[in-house]
Amino acid sequence: GSLFLGAALILVFFHTRPTFQLLSQLETQVAGLSSEVATIETPAAELSATGELTEVEQKDLSLAIPEHLEQDQILLDLNRAALAADVAFSALTFSLEQNAALPTVHISGGFQGTPQNIVRFLKMLEVNPRKFVVKDAGVARTDIIEGLPMVTLSTTLESFYRYGE
């Protein structure tokens, strides 16, 4: 009986060890992804402490930010970045804030892909000419599809526009 129990314990140990190693690797990947998301820099043009734009910021933004809101262009930019990064999304929510120093469109959505693709997607958004800014981001591990670990990125983005002259 004790020989059978010992053999069963050894079998269980060797059977569960690869699963624990895989779990440890996934935790390391998610931790690495979280740290990469935290270190992605926001664009240099930010509001000053008073909430007003400096003259230099206004000039820089006027060159890059469109004069009017084109929601279809925002959707196309997000879709283009998602396709290029091989990231999927199913729904987006938009809200408009016109009373700020710079009119802002808040965009909330969920995106799914591999950790590497999610990071690539975030970097594409940060350099997008529409000046997407990632305000909040959360990453959750979901499933393994075709041997690839998948994560879901829940994020709030901001996109800017300016009033026509």
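The values are calculated or read from the model by the stated rules, or taken from the named source; none is laboratory data. These numbers come from a predicted model, not from an experiment. Note: ideal-geometry Cβ built from the backbone for every residue, glycine included; neighbour counts use all protein chains shown. In case anyone asks, the SASA skips ligands and DNA or RNA and just uses the protein heavy atoms, side chains included. Shrake-Rupley method; radii C 1.70, N 1.55, O 1.52, S 1.80 Å.
Before moving on, here are some points about what is shown:
- To put it simply, the accessible area of the range 88-165 at a 1.4 Å probe is 51 percent carbon and sulfur.
- Sorting the segments 2-8, 122-128 by their residues' average number of neighbouring beta-carbon atoms within 10 angstrom, most packed first, yields 122-128, 2-8.
- Probe 1.4 Å - accessible area at residue 36, Å² to nearest ten: 80 Å²
- When each of the peptides 107-117, 24-34 is scored by the mean number of other C-beta atoms lying within 10 Å of its residues, the order from highest to lowest reads 107-117, 24-34.
- Principal semi-axes of the equivalent ellipsoid, √(5λ) from the alpha carbon gyration tensor of the range 102-156, are 24, 12, 7 Å from largest down.
- Each peptide in 86-93, 148-155, 131-138 was scored by the mean count of other Cβ atoms within 10 Å over its residues; highest first, the order is 148-155, 131-138, 86-93.
- Distance between the pseudo-spin-label points of residue 142 and residue 14 (7 Å out from Cα toward the beta carbon): 3.7 nm.
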